[in-house]
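Here's the structure, in structure tokens; my notes come after.
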Amino acid sequence: MKNIKATFAFFVFTLLSISTYAQDCNCTKNFEWVKKTFEENDAGFQYAIKQKGDQAYSDLNKRISEKVKSAKTFGDCSPILYEWLTFFRSGHVSIRPISKQQSSQSVANNKSDNQFANWETLPVETQDFKKYLDKKKTSDYEGIWYTEPYTIGIKKKGDQYIGFIIESGAETWTKGQVKLKLDFSNGKTSSVYYMRDHSAVESKEIAITGKNNLQIGDFSLSRIYPKIEDEPKYAQYFKSLNTNEPYIEKLNETTLYFRIPSFQASKKQKIDSAILANKNKILSTENLIIDIRNGTGGSDGSYNNILPLIYTNPIRTVGVEYLSTKLNNQRMLDFINKPEYGFNEENKKWAKNSFDKLEKEQGKFVNLNENVVTITKYDTIHQYPKNVGIIINQKNGSTDEQFLLAAKQSRKVKLFGTTTFGVLDVSNMYYVPSPCNEFELGYSLSRSMRIPDFTIDGKGLQPDFYLDRSIPLYEWTEYVNKTLNGQ
């Protein structure tokens with residue numbers, strides 16, 4: 001669904017004394033605020049309680065209330081708050097640190113701006129490390145790797161490989177800090193990867209595909225030094241995996257490949273440009289592969305120009321209802337008053353009418369459209385492409401799944417891969433800052449009117465062709481190509 005992120009000044013801040021800051025910004029107070037705000041405003045709250053029961057919710061609150069008492073820093077607190085949120089669903093919830101706090105709060109906190117200043121480090125000079133790598137005769141995990149926004153060196157120490165920051169695009173990480181560990185001691189394989197907020201993600205899955213791609217659980221890193229020539233069979237996969245931009249290329253005389261790494265609104269123009277530049281090829285080539293693996297969600301508008309190309313019959317889309325509250329409805333005014341949303345006069349008129357409609361129904365769910373189901377029709381059913389294969393995996397959720405719901409109504413379309421993430425029923429995320437401006441709470445404004453008859457959250461969408469572990473990831477595109485070509 002449309003994933004519009006907004007920031008709303010929910011609290012008016014004044015200068016805080018040290019004593020007031022300490023009193024109001026501890027983890028217990030943060031939890032109380034998150035709990036109250038979520039209960040009153042999240043569109044999926046009551047639905048989750050109905051599914052899981054009052055007793056389970058009561059037990060959760062008791063457990064979290066005890067945990068927050070021992071949290072001394074926001075770094076300790078944020079994972080506990082997020083744990084509470086995941087009771088309701090696995091996605092479309094968030095605890096997002098605010099990178100720069102108000103100066104008065106920084107003074108009151110009387111701490112370094114970097115709360116992870118004492119994090120474990122591995123001091124290695126980059127040039128010395130490169131010289132060491134140049135002398136190696138074999139390739140393994142040691143090297144310099146990149147995963148946005150980090151450049152990471154990995155060096156062997158005993159039975160472990162330690163990943164340390166060389167360059168960081170995140171304020172929470174600085175040069176030399178340990179970002180990951182790969183452990184092969186005692187015949188066992190395990191890893192730990194530290195997230196932006198330094199929370200740990202553990203995994204037993206570590207694999208190098210070819211010589212330049214390292215997979216650690218769900219995290220993918222590309223070797224940037226030394227760059228080792230890889231086998232040709234990996235080239236297409238690495239290109240698709242490492243790109244941040246959409247592109248279309250010819251696989252063979254009968255098949256085009258369309259890679260879309262993200263449906264974020266910021267990518268719409270580039271998606272549309274790729275379509276426009278290749279439209280004649282798309283409409284004259286028998287098969288089209290659309291690869292949306294590892295998607296990010298985003299905006300429904302980003303895929304609007306794809307649907308006419310693969311259309312065969314009217315597309316039915318079940319709408320959503322918005323929970324009307326004072327806080328939630330403010331977003332419509334933000335659309336009107338804040339230039340960053342880029343609303344034209346027509347869109348602003350829609351936002352004003354929506355606000356008026358929502359305000360009359362506070363405390364209720366409101367359908368902003370006239371009908372529950374919207375039916376989309378296009379004038380033309382194109383002869384080509386005849387067959388469309390969409391590659392998906394477990395990281396596709398939200399807008400990715402909304403696209404799939406629409407696309408798979410075409411008789412031309414088949415889905416290949418694994419079951420998607422399953423986070424669509426409760427959507428349209430909204431972000432509000434905490435009282436002390438330490439973090440933003442992300443929750444959802446709408447719920448689908450597919451509930452309860454056709455739910456996706458926690459289930460995902462299943463592929464028509466399941467690609468199991470016996471088919472390596474780098475062979476997925478070729479598998480789809482052969483299938484579409486009847487091989």
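The values are calculated or read from the model by the stated rules, or taken from the named source; none is laboratory data. A quick note: this is a predicted structure, and the numbers were derived from the prediction, not measured. Cβ atoms come from the backbone with ideal geometry, glycine included; neighbour counts cover every protein chain shown. Just so you know, the surface numbers come from the protein's heavy atoms only, side chains and all, with ligands and any DNA or RNA stripped out. Shrake-Rupley method; radii C 1.70, N 1.55, O 1.52, S 1.80 Å.
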Answer yes if at least one residue in segment 126-135 is over 28 Å from Gln236 (Cα atoms), among the basic types (Lys, Arg) and outside any strand (DSSP E or B), and no otherwise. yes
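Here's a check for you: in segment 57-89, which residue that is open to solvent by less than 60 Å² (accessible area, probe 1.4 Å) and among the small types (Gly, Ala, Ser) is modelled with the lowest pLDDT? Full working, then the answer.
Of all residues in segment 57-89, those open to solvent by less than 60 Å² (accessible area, probe 1.4 Å) come to 57-58, 60-61, 64-65, 68, 71, 73-75, 77-81, 83-89.
Imposing the further condition that a residue be among the small types (Gly, Ala, Ser) reduces the set to 58, 65, 71, 75, 78.
Details: Ser58: 97, Ser65: 96, Ala71: 90, Gly75: 82, Ser78: 90.
The qualifying residue modelled with the lowest pLDDT is Gly75.
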Tally the residues that are charged (D, E, K, R) and assigned to a loop (DSSP other than H, G, I, E, B), restricting the search to segment 151-174. 2
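From the set of residues in segment 319-333 that are among the polar types (S, T, N, Q) and in a helix (DSSP H, G or I), which is most open to solvent (accessible area, probe 1.4 Å)?
Initially, segment 319-333 is screened for residues among the polar types (S, T, N, Q), giving 324-325, 328-330.
Filter again for in a helix (DSSP H, G or I), leaving 328-330.
On the way: Asn328: 9, Asn329: 1, Gln330: 48 Å².
Ranking the candidates gives Gln330 first.
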Any idea how many residues of segment 446-456 are in a loop (DSSP other than H, G, I, E, B), in contact (Cβ under 8 Å) with a residue 40 or more places away in the chain, of a type outside the set (A, V, I, L, M, F, W, C) and open to solvent by 40 Å² or more (accessible area, probe 1.4 Å)? 0
Given (1) in the same structural domain as Arg259 (by the TED database); (2) more than 26 Å from Ser273 (Cβ to Cβ); (3) assigned to a helix (DSSP H, G or I), identify the lone condition not met by Ile336. (1)
Condition first: open to solvent by less than 90 Å² (accessible area, probe 1.4 Å) and outside any loop (DSSP other than H, G, I, E, B). Now tell me which residues in segment 457-478 satisfy that. Phe465, Leu473, Tyr474, Glu475, Trp476, Thr477, Glu478
With criteria (1) modelled with pLDDT of 95 or more; (2) among the charged types (D, E, K, R); (3) over 18 Å from Asp140 (Cα atoms); (4) within 24 Å of the chain's Cα centre (by Cα), Lys239 comes up short on (1)
Checked segment 417-445 for anything farther than 25 Å from Gly44 by Cα and either at pLDDT below 95 or surrounded by fewer than 23 Cβ atoms within 10 Å (Cβ to Cβ) (or both); matches are Thr418, Cys436
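In segment 393-405, how many residues are in a helix (DSSP H, G or I) and either outside the structural domain of Val480 (by the TED database) or open to solvent by 10 Å² or more (accessible area, probe 1.4 Å) (or both)? I'd like the intermediate steps shown before the answer.
Of segment 393-405, the ones in a helix (DSSP H, G or I) are 399-405.
With either outside the structural domain of Val480 (by the TED database) or open to solvent by 10 Å² or more (accessible area, probe 1.4 Å) (or both) added as a condition, the list becomes 402, 405.
Looking only at that region, the number is 2.
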For Glu361, the lone unmet condition from (1) assigned to a loop (DSSP other than H, G, I, E, B); (2) at pLDDT below 95 is (2)
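Take the conditions at pLDDT 95 or above, touching a strand residue (DSSP E or B) at 6+ places or on another chain (Cβ under 9 Å) and open to solvent by 30 Å² or more (accessible area, probe 1.4 Å) and apply them to Thr380. Does it pass?
The answer is no for Thr380.
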Kindly list, by first and then second residue, each pair from a residue in segment 459-487 that is over 26 Å from Ser398 (Cα atoms) to a residue that is of a type in the set (Gly, Ala, Ser) and not in a loop (DSSP other than H, G, I, E, B), limited to pairs with Cβ atoms under 6 Å and residues at least 6 apart or on different chains. Leu484/Gly389
If you check every pair at least six apart or on different chains, which have Cβ atoms under 9 Å apart with a residue in segment 138-155 that is not assigned by the TED database to the domain that holds Leu214 first and a residue that is buried (at least 18 other Cβ atoms within 10 Å of the Cβ) second? none
Evaluation of Ile248 against (1) in contact with a helix residue (DSSP H, G or I) (Cβ under 6 Å, 6 or more places away or on another chain); (2) part of a helix (DSSP H, G or I); (3) hydrophobic (A, V, I, L, M, F, W, C) (one fails), failing number: (2)
Does Thr174 satisfy the condition of being open to solvent by 20 Å² or more (accessible area, probe 1.4 Å), among the polar types (S, T, N, Q) and farther than 25 Å from Ile98 by Cβ? no
Could you grab the pairs with beta carbons closer than 8 Å, sequence gap of 6+ or different chains, first residue in segment 268-286 and open to solvent by 90 Å² or more (accessible area, probe 1.4 Å), second one in a loop (DSSP other than H, G, I, E, B) and of a type outside the set (Asp, Glu)? Lys270/Pro246
